[in-house]
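Novice: Okay, handing you the structure first.
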Amino acid sequence: MDEEASKDLFDQALKVLHGNDRGKYIVPAGDLYPHQWLWDSCFIAIGLRHLDSDRAQTELKSLLRGQWANGMLPHIIFNPHPRHRREHRLWQSWLNPHAPNGVITSGLTQPPMLAEAVVRIGQKLKPSERRTWYGHMYPHLLAYHQWLYQDRSLNSGLIGLVHPYESGLDNSPPWVTVVRQRAWPWWLRVLEFSKLASLVNVVRRDTRHLPPGQRMNNVEAVAYWNLLRKLRAQTYDSQAIFKKPKLIVEDLAFNSIFIRANQRLGEIAKFIGKPLPADLVENMQQTEAGLEQLWDEASGQYYSYSFGDGGLIREPSIATLLPLYAGCISKERAAHLVSLMKKRSQFRANYPVPSVPIGSEFFDPHRYWQGPAWVNMNWLIIDGLKRYGFIDEAQDLRDRTLKMVAKSGCYEYFSPLDATPAGAANFSWTAALTIDLLKN
Ligand code: GLC
């Protein structure tokens with residue numbers, strides 16, 4: 001991309017962030033997503049640090065107002081305006097005694113990108129400012145990582161998720177599959193085979209803004225809502241949920257990100273001279289070792305694991321590439337994942353990287369996490385490729401990602417076949433990570 005085109009793209013991205021800025025945090029997209037989301041704000045801060053490191057810090061500090069007393073960071077902090085009453089009442093975070101007073105949040109978490117975002121901002125600060133910044137964030141990060149171990153870790157050393165929303169890849173094939181297997185009551189089957197499913201559009205917010213073909217299908221959306229209702233009835237209490245485990249998934253993407261977040265937390269602790277608690281270090285090592293249990297030798301892929309069924313969910317998705325970002329797999333394994341990225345039947349497409357292999361029966365170029373390319377996934381893969389020394393591949397993926405955004409604008413996701421845009425326009429993480437890629 002020449003200098004002028006890069007500058008145009010940069011300006012476009014800047015405009016998106018300004019438009020979505022609500023003062024102390026940036027919403028993912030004005031109409032569709034009017035609240036603060038956990039991993040969105042982390043990606044947003046990674047871009048913002050190039051523009052204004054104070055504002056980037058504010059973005060992440062805003063997340064802390066939602067932190068629960070037990071350390072949990074919720075995936076949404078709601079805009080308190082009464083016009084969002086319906087969503088507040090759907091979640092009812094106040095049912096759990098750990099939820100913060102006067103701040104309405106969701107009751108679930110999302111991929112732990114926070115430690116990475118904290119370090120990325122730190123890289124932009126002078127050592128003395130960095131010490132203050134890390135010192136401020138460290139106790140909150142520590143509490144969050146400890147909560148994940150305390151409340152959600154399984155014998156494998158991996159973290160278990162209790163709802164697809166926690167994965168951030170809501171309707172990715174492995175999640176849709178496991179929800180169908182484990183949380184699909186009879187009445188959903190009736191709904192699916194009757195003509196009634198389309199009525200669900202009346203209560204859905206997202207399909208008011210976007211064509212239904214770009215979102216989850218209605219029956220799946222109801223299944224997710226139903227699962228959420230159950231978790232709410234258990235007041236999002238992990239102990240109660242794990243006592244009667246309906247659906248627990250050792251999610252590949254989440255755990256890959258968590259492994260990297262643990263490394264980043266270690267760097268922060270070292271910088272401020274506060275050794276990590278010994279039991280946490282032990283847990284972290286177990287998580288790295290646990291990733292190996294998600295490897296399937298027969299198909300040469302990583303998968304998520306369904307705790308209830310005691311087996312891997314053998315549905316390929318982009319998550320298979322995220323152990324590159326985790327950074328703890330062997331160089332040979334990493335090279336194997338790179339080879340998957342280069343195969344047309346797998347993850348090679350005109351525009352990178354399809355969230356589902358083009359050959360999968362789930363593949364649909366515009367349907368949310370069932371085919372489209374997402375800029376945050378590309379960013380994670382690029383970072384992993386670089387650390388494994390696949391510099392040409394990282395450069396190529398960066399260039400092709402920028403080309404895709406330049407062609408279609410800062411959309412939420414893109415068809416990997418022709419880069420046609422889909423989902424929300426003016427999407428913040430696409431803009432922020434575009435800025436970061438342009439600056440690197
Ligand atoms: C969608 C995405 C999720 C994201 C949220 C806000 O739900 O699946 O990952 O955090 O939108 O952008």
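Novice: From LYS246, LYS270, LYS274, LYS230, grab the single residue that is charged (D, E, K, R) and at pLDDT below 95.
Specialist: Every option except LYS246 fails the conditions.
Novice: Let me ask something else about it. Within the stretch 83-99, does at least one residue satisfy the condition of being of a type outside the set (S, T, N, Q), more than 16 Å from the ligand (Cβ to nearest atom), in contact with a Lys or Arg (Cβ under 9 Å, 6 or more places away or on another chain) and within 26 Å of PRO245 (Cα to Cα)? Write out each step before concluding.
Specialist: Filtering the stretch 83-99 down to residues of a type outside the set (S, T, N, Q) leaves 83-91, 94-95, 97-99.
Checking which are more than 16 Å from the ligand (Cβ to nearest atom) leaves us with 83, 85-86, 88-89, 94-95, 97-99.
Narrowing further to those that are in contact with a Lys or Arg (Cβ under 9 Å, 6 or more places away or on another chain): 86, 95.
Filter again for within 26 Å of PRO245 (Cα to Cα), leaving 95.
Looking through the stretch 83-99, at least one residue is of a type outside the set (S, T, N, Q), more than 16 Å from the ligand (Cβ to nearest atom), in contact with a Lys or Arg (Cβ under 9 Å, 6 or more places away or on another chain) and within 26 Å of PRO245 (Cα to Cα).
Novice: Can you tell me which residue within the stretch 364-376, out of those that are within 19 Å of SER345 (Cβ to Cβ) and in contact with a helix residue (DSSP H, G or I) (Cβ under 9 Å, 6 or more places away or on another chain), is surrounded by the fewest Cβ atoms within 10 Å (Cβ to Cβ)?
Specialist: ASP364
Novice: Among ALA424, ALA431, which is the only one that is within 21 Å of THR207 (Cβ to Cβ), out of contact with any Ser or Thr (no Cβ under 7 Å at 6 or more places or on another chain) and either assigned to a helix (DSSP H, G or I) or within 16 Å of the ligand (Cβ to nearest atom) (or both)? Steps first, answer last, please.
Specialist: On the way: ALA431 fails: within 21 Å of THR207 (Cβ to Cβ).
Exactly one residue qualifies, and that residue is ALA424.
Novice: Filter the stretch 335-378 for residues that are in contact with a Lys or Arg (Cβ under 9 Å, 6 or more places away or on another chain) and assigned to a helix (DSSP H, G or I); which is nearest to the ligand (Cβ to nearest atom)?
Specialist: Restricting to residues being in contact with a Lys or Arg (Cβ under 9 Å, 6 or more places away or on another chain) and assigned to a helix (DSSP H, G or I), the top hit is ASN378.
Novice: Of the residues that sit in the stretch 383-429 and are hydroxyl-bearing (Ser, Thr, Tyr) and under 20 Å from the mean Cα position of the chain (by Cα), which one is surrounded by the most Cβ atoms within 10 Å (Cβ to Cβ)?
Specialist: Keep residues of the stretch 383-429 that are hydroxyl-bearing (Ser, Thr, Tyr), which gives 388, 401, 408, 411, 413, 415, 420, 428.
With the extra rule that they be under 20 Å from the mean Cα position of the chain (by Cα), the set shrinks to 401, 411, 413, 415, 428.
Numbers: THR401: 26, TYR411: 24, TYR413: 25, SER415: 22, SER428: 30.
Looking at residues that are hydroxyl-bearing (Ser, Thr, Tyr) and under 20 Å from the mean Cα position of the chain (by Cα), I get SER428.
Novice: It is to be established whether one or more residues within the stretch 392-406 are part of a loop (DSSP other than H, G, I, E, B) and more than 15 Å from the ligand (Cβ to nearest atom).
Specialist: The answer is no; no qualifying residue exists.
Novice: Please give the number of the condition MET216 fails out of (1) modelled with pLDDT under 95; (2) surrounded by fewer than 18 Cβ atoms within 10 Å (Cβ to Cβ); (3) more than 12 Å from ALA183 (Cα to Cα).
Specialist: Of (1) modelled with pLDDT under 95; (2) surrounded by fewer than 18 Cβ atoms within 10 Å (Cβ to Cβ); (3) more than 12 Å from ALA183 (Cα to Cα), only one is false for MET216: (2).
Novice: When you scan the stretch 163-181, how many residues do you find that are out of contact with any Gly (no Cβ under 9 Å at 6 or more places or on another chain) and either part of a helix (DSSP H, G or I) or away from the ligand (no atom under 16 Å from the Cβ) (or both)?
Specialist: 11
Novice: Please specify each residue of the stretch 59-83 satisfying the condition of being crowded, with 16+ Cβ neighbours inside 10 Å and assigned to a helix (DSSP H, G or I).
Specialist: Once the filter is applied, which keeps residues that are crowded, with 16+ Cβ neighbours inside 10 Å and assigned to a helix (DSSP H, G or I), the stretch 59-83 yields GLU59, LEU60, LYS61, SER62, LEU63, LEU64.
Novice: Quick one: count up the residues across the stretch 278-292 that are closer than 23 Å to SER360 by Cβ and over 21 Å from the mean Cα position of the chain (by Cα). It would help to see each step written out before you state the result.
Specialist: Taking the stretch 278-292 as the starting set, the residues that turn out to be closer than 23 Å to SER360 by Cβ are 291.
Checking which are over 21 Å from the mean Cα position of the chain (by Cα) leaves us with none.
Residues that pass the stated criteria total 0.
Novice: Of all residues in the stretch 23-39 being in contact (Cβ under 8 Å) with a residue 40 or more places away in the chain and either more than 14 Å from the ligand (Cβ to nearest atom) or of a type in the set (A, V, I, L, M, F, W, C) (or both), which is surrounded by the fewest Cβ atoms within 10 Å (Cβ to Cβ)?
Specialist: LEU32
The values are calculated or read from the model by the stated rules, or taken from the named source; none is laboratory data. This is a predicted model, so every value here is computed, not measured. Cβ: placed from backbone, ideal geometry, glycine included. Neighbour counts: every protein chain shown.
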